[in-house]
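Chemist: Quick one: structure below, then a few questions.
The values are calculated or read from the model by the stated rules, or taken from the named source; none is laboratory data. Only a predicted model underlies this, so the values are computations on that prediction, with no experimental measurement involved. Counting neighbours? That spans all protein chains shown, and the Cβs are built from the backbone with ideal geometry, glycine included. The accessibility values were calculated without ligands, DNA or RNA, using every heavy atom of the protein model including side chains. Shrake-Rupley method; radii C 1.70, N 1.55, O 1.52, S 1.80 Å.
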Amino acid sequence: STTATYQTCRRYLQSLPKPLVAYHRLGQTKFEALYQPFIDRDPSIFLPMQQVVSDHHRFDLLVVKDGRIFRPWITAWQDYRSSKILGWAPSVYPSSITILQAFYMMVLHYGLPEMCHMDNGKDYRCKILLGTSQRVSTITAQGVTDEELLHIQGTFAMLGVQSTYARAYHGQSKGRLERTFGTFAEYIAKDSGYYIGSNTVTRPEDSTLYFRAINKKAKKQVLLSWEEFCEKLDAFIAFWNANWHGDGKGMGGLSPDEVFARYAPEPRKADPKTLALALTRPEVRKVTRNGVSVMGYQYWAKELLEYSGQEVVVRIPIVKPETALIQTIQGQTICTAWADYFVATGDVAVDNEKVNAARKANLELVRTRSDSLHKTQGLKTFLDLPTPPRQELPDLDTFPLAAGAEPPYRPDQKPALKSPLDI
């Protein structure tokens, strides 16, 4: 208890530093937003494509796809200097695949960026983008099974692109993109006629009908289809890049397209083969009789027979996932494999023709390799091998014994066994 009056306590609390009060009363997040210093970033010191920013955004509207009602997402890459949206991928739910799809769209039209600044979520820290290391089993030239550490490069390392990340739960470092997403929400979601609001205050009354439709308690037949949403999104981004005039740092009242065209250097083009290899999902798998299995798909090629039982690297392109590039653990290309080659088509004749052709190819390969071994290495059967000279085993008395384990000395007694074979 205290004898201090209310006025005394009030004066004491008012004398405390405001940051201290904010930290204890409002929490650490609010304290950092109000009182912690930050870097005053200036986009005008960059050139277009020197730094690009990426994040996901979920729209506050409902669309329907295959009978499912949901709020769509967008994954976007934005040029930090000009605010131009360079690549984007709408999705039901974002992932590392949508990041790569939008990244591929950007590289295809504008070349490679020098640095990527991204959200700190797990999608942006995946092994596809950053690479991975894992221990795998290998077979040496002497035929001995060994284990080694495999380093698989990610997309950014293969293309020579630097990567940085925003602090967790601090979107200020990518604030230009966050404000762009706010504009998208204002002009796409609210004007679509299917806006459900970002919170209970902004939520319109009609949104109840949409949510009831999700739970199948009520039906609202008129909904924005997925195809219509994608068309509207593409059209709006093109319109926004060409017609939105910003007064922010480095914009000077120009549109993103105008700023990008005025200051952009020569594009840094990516080697097509390197780009195709970088935009793949690497997985380590063991070869079985039907090839390699990745994410429910079975990839097969006749060249995999020689690697049966061994681990290989399977690279699945995001652009053309029906094929996969197969590499050895050392990075040498083996072949291109086809997805679900042996999945039944319903036509028994066609299925039998495929599997019989594959079996015939396997037999031909085995016979060819057998003939090659006979010619180059003089392969002989076990019976043709010369018998090594027989080595006599020493007497048991000559084997060293551990200290204290010597038998008692009896000169009149001979050992019962002359060798381990005399039983």
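Chemist: Taking amide H positions as placed 1.01 Å from N in the peptide plane, with prolines and chain starts having none, which residues 5 or more places from R81, or on another chain, fall under 5 Å of its amide H?
Modeler: Distant-sequence amide H within range of R81: M49, Q51.
Chemist: What translational diffusion coefficient, in µm²/s and rounded to a whole number, does the Stokes-Einstein relation yield for the range 26-94 at 10 °C and a viscosity of 1.306 mPa s, taking the hydrodynamic radius as the Kirkwood radius over Cα pairs? Write out the running numbers ahead of the final one.
Modeler: Details: Rh = 15.1 Å.
Reported coefficient: 105 µm²/s.
Chemist: What trypsin sites (Lys or Arg not before Pro) does the range 38-93 have in DSSP loop regions with at most 16 other beta carbons within 10 Å?
Modeler: Working: sites: R41, R58, K65, R68, R81, K84; in loops: R41, R81, K84.
Passing both the DSSP loop test and the Cβ count: R41.
Chemist: Could you go through the range 289-294 in sequence order and give the Karplus-derived ³J(HN,Hα) for each residue, using 6.51 cos²θ - 1.76 cosθ + 1.60 with θ = phi - 60°, rounded to whole Hz, and x for Gly and Pro?
Modeler: These are the phi-based 3J(HN,Hα) values: 5, 9, x, 10, 10, 9 Hz.
Chemist: What does the accessible area per residue of the range 30-110 come to in Å², with a 1.4 Å probe and no ligands, DNA or RNA counted? Before the final figure, lay out the partial values.
Modeler: Working: 3350 Å² over 81 residues.
Accessible surface, normalised per residue, equals 41 Å².
Chemist: Also, I was wondering about something else. Rg and Dmax in Å for the range 312-368, alpha carbons only: what are they?
Modeler: Answer for the range 312-368, Rg first and Dmax second: 14.1, 40 Å.
Chemist: How much FRET efficiency would the formula 1/(1 + (r/R0)^6) give for H151 and M295, where r is the Cβ-Cβ distance and R0 is 25 Å, rounded to 0.05? Don't skip to the answer; put the middle values down first.
Modeler: Numbers: r = 22 Å, r/R0 = 0.89.
The calculated FRET efficiency here is 0.65.
Chemist: Any idea what diffusion coefficient the range 222-309 gets from Stokes-Einstein, in µm²/s, Kirkwood Rh on alpha carbon pairs, 10 °C, 1.306 mPa s?
Modeler: Values: Rh = 18.5 Å.
The estimated diffusion coefficient comes to 86 µm²/s.
Chemist: Let me ask you something else. Describe numerically, in nm with one decimal, the distance between label points set 7 Å from Cα along Cα→Cβ at R11 and at Q162.
Modeler: Taking the two extended label points, one gets 5.6 nm.
Chemist: Shifting gears a bit: As an exercise, use a Förster radius of 45 Å and the Cβ-Cβ distance of R179 and K320 to find the FRET efficiency, rounded to the nearest 0.05. Display every interim value, and only then the final one.
Modeler: Values: r = 36 Å, r/R0 = 0.79.
The computed FRET efficiency comes out at 0.80.
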